Each structure stands twice: as structure tokens, then as C-alpha cells.
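One structure is given here, and the rest of the page talks about it.
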């Protein structure tokens, strides 16, 4: 298993693409995709890369800004993203700061999802994700 890496510069476009695919392929728009945020600042790049190989599916998208990682998990709801987050915590042997937003529950546009993610991370972890703007 392993996800597919994308340039962080394409974050908003990847969310927009995922929304477009969900609208085209999932007429119920239920559990279309979830964005998972994880903070891996305490770990080496080698250990992070090893965790990505073991935890993620080949259909998952990976974007990072420093040691803050964003995963676009298709056909995954918040519960499923919580399982992925738990797998990272288990891999590292300690709690990993994580937050999730799901389409369409938390927003129906890329801007709305990103804003909700910023608010969730700010509230839960006191981290500022203004660089997503």
C-alpha cells in the first residue's frame, strides 16, 4: 500500500477535482471523500515515509507542507479517516494530532472544505493553517 504524492501547490485543485469526481460518480454524494490532516513534526522524514507506505491505500492522495500532512481519502467517511489516523498513531507509538473534514457534510466547495479544516485544526490543535488560503 502507498498513497500518491502531489505538490502542495495543487492542494485546492485536488480538492476541486475530488468534488467533481464525487459529483460525477456518486449520485448520492454520501461519504464521497475525506481530507485528513496529520501533524508529523516529531518524526524523521524516513519514518514518515515508512508510515505512508504501510498505512495508506494506492488511491489516497498525499500533500505536505513541512511536516504537516494532508490526505485526500476517496470513498472514506470521518469514521474511516479516524481509523487511518489511529493507524498512524499506532505506527508511531504516540498520539498524532489529526483533524478531518468530509465532502459534502462539511462543505460543498473546495473553499468551504478548506475553511472548515482551518477552523477545526485551529480549534482542536491551536495550529494556524492560514497558508491554505
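Residues being under 22 Å from residue 126 (Cβ atoms), surrounded by 13 or more Cβ atoms within 10 Å (Cβ to Cβ) and touching a strand residue (DSSP E or B) at 6+ places or on another chain (Cβ under 8 Å) are represented in the stretch 9-27 by at least one member. Considering the stretch 121-133, the residues that are free of Cβ contacts under 8 Å to residues at least 24 places away in the same chain and under 26 Å from residue 16 (Cβ atoms) include one that is surrounded by the fewest Cβ atoms within 10 Å (Cβ to Cβ), namely 130.
Scanning the stretch 99-133 for residues being assigned to a loop (DSSP other than H, G, I, E, B) and within 14 Å of the chain's Cα centre (by Cα) gives a total of 2. Which of the residues that make up the stretch 52-70 are without any contact (Cβ under 8 Å) to a residue 60 or more places away in the chain, out of contact with any strand residue (DSSP E or B) (no Cβ under 6 Å at 6 or more places or on another chain) and surrounded by fewer than 20 Cβ atoms within 10 Å (Cβ to Cβ)? Within the stretch 52-70, 53, 54, 57, 58, 64, 66, 67 qualify. The residues of the stretch 71-111 that are surrounded by 16 or more Cβ atoms within 10 Å (Cβ to Cβ), out of contact with any strand residue (DSSP E or B) (no Cβ under 8 Å at 6 or more places or on another chain) and under 18 Å from residue 23 (Cα atoms), listed by number, are 104, 105, 106, 110.
We did not get these values from a lab; they are worked out from the coordinates using the rules stated. If you're wondering where the values come from, they're calculated on a predicted model, not measured in any experiment. Every residue, glycine as well, gets a Cβ built from its backbone with ideal geometry; the counts of neighbours run over all protein chains shown.
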